[in-house]
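Take a look at the structure below.
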Amino acid sequence: MARDANPSSVEWVESGGGPLIAIPEVVLPFWTGADGDELASDYDRACEVEGFIGLLPVGNTTALVLGDDPAATAYLPEHGTFVRWCAGESERELLAGVPAALDTAAWEREVSWEVPGTVMLFDAAWPGEESTKTGHLRIALDPGRYAVRAAHVKPGPETWMGLVQLRRLGR
């Protein structure tokens, strides 16, 4: 992944090899990551999510798991979309392909995600209370219900990405 010499305003989060998770800030203390006394940790639960996206209960709400590929991920608020960098020569090239990718994506089944507000995106292996000690993104979302859909798209011969789009439902 070749980041451009001129840093963009886009921040990327990477994992150590497992899924990323977007957890509402209000329940971060309940996410234990790979730690835990139980037979299966929260991280193990996140790893069991099949496909590009899935929801897991955390506290009294749910978290969104970005599964399938541990690709570097950014959130583009102007598109309401997580972009997952699977392949591309440069950040500029990848980001330039996002509008066309959104228009041509073959979206998978949507899930409905109830969000109480701001979420934190980070490596699911980390405990929630320690998420700010590693690569993370704080994403301000309005409270409410969102339709979440995902796709893998190849907008160019050497560029492909995962997309996870959030669309606010009813106000």
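What follows is calculated from the coordinates using simple rules that are stated; it is not laboratory data. Keep in mind that this is a model prediction, so the values were computed, not measured. Because the Cβ atoms are built from the backbone with ideal geometry, glycine has one as well, and the counts that use them run over all protein chains shown.
Tell me the label only: which of (1) 4.02; (2) 1.28; (3) 0.99 is Cα Rg over 2.2 N^0.38 Å as calculated from this structure?
Checked against the structure: label (3).
Shape call for segment 92-171 from the C-alpha gyration tensor, a ≥ b ≥ c root eigenvalues: rounded (a/c under 1.5), prolate (a/b greater than b/c) or oblate?
oblate
Build a GNM of the chain with springs between Cα atoms under 10 Å: which of 22, 40, 105 gets the top mean-square fluctuation?
Maximum among the listed residues: 40.
Fewest Cβ neighbours within 10 Å first, please rank 44, 68, 103, 123 accordingly.
With the sparsest Cβ surroundings first, the list reads 103, 44, 68, 123.
In a GNM of the chain with a 10 Å cut-off on Cα contacts, which of 29, 157, 19 has the highest mean-square fluctuation?
157
Rank 129, 158, 48 by mean-square fluctuation in a GNM of the chain with C-alpha springs under 10 angstrom and give only the top-ranked residue.
The residue that fluctuates most here is 158.
For every helix of n ≥ 4 consecutive DSSP H residues, a contribution of -39,500 (n - 2.57) applies; sum these over the chain, divide by its total residues, and give [θ] at 222 nm rounded to the nearest 500 deg cm²/dmol.
Calculated at 222 nm, the ellipticity per residue is -2500 deg cm²/dmol.
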